[in-house]
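Before any comments, here is the structure.
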Amino acid sequence: MKWQSALLAVVWIALAVPANAEFYKYRDKNGVMRFTDNLVEVPVDQRPGVGRYKEADDDLTPEDREKKAAERAAAEKLRQQTTAATAEEQAAEKAAAAEFAGTITSADELNRKNNEMFEEYQALDRERQALKKDGTGVRTRAASNAYNEKVKELNQRFETYKKRQEAFQQQVDAFNAKQQAQSAGAEEKKN
């Protein structure tokens, strides 16, 4: 009876140990890459050279897995913060674009808006340079995804800036045309 209890305990312990599933990759008769967890499905002539498919995390220690999970969580938190900040920035950009909808009535106003546009461009460019510098240290997939999200958002802000710059240029052109028309009208009155 004792040996049966001991055998039962050994079986339970063996079942409690996590099993590592192995996946095999091979090419079928059509040359398509296939994956299976059953070695019997692999053609006999390919079994000696069959590759065992491993996930990137298969060889990590429990501590490394925890570290990687923490990195993923940090990257996700950063992505969420960046998304929230971007929503606020987009609202501010819409308000700023609405400001450009009017016409420019003086050269001082034209110069003020030109300086604002230049300062905005410089800020975007500094952010681009910092982001480029930050990109050199990206090592994990989660960090890479967060970095790519930041790049995408910065590119959207550059695109918004470009549209505002085009609207501003139209205002400048309209202002210049108005000034030329006024100069031409004043010249005709003199004659």
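What follows draws every value from the coordinates through simple rules; no lab data is involved. Just so you know, these numbers come straight off a predicted model, no measurement behind them.
Candidate cross-link partners of K152 among the lysines, defined by an alpha-carbon separation under 21 Å and a same-chain spacing of 8 or more, comprise K77, K94, K132, K133, K162, K163. Would you kindly give the portion of the calculated P(r) for region 117-191 that falls above 20 Å, as a percent of all Cα pairs? That tail contains 55 percent of the Cα-Cα pairs.
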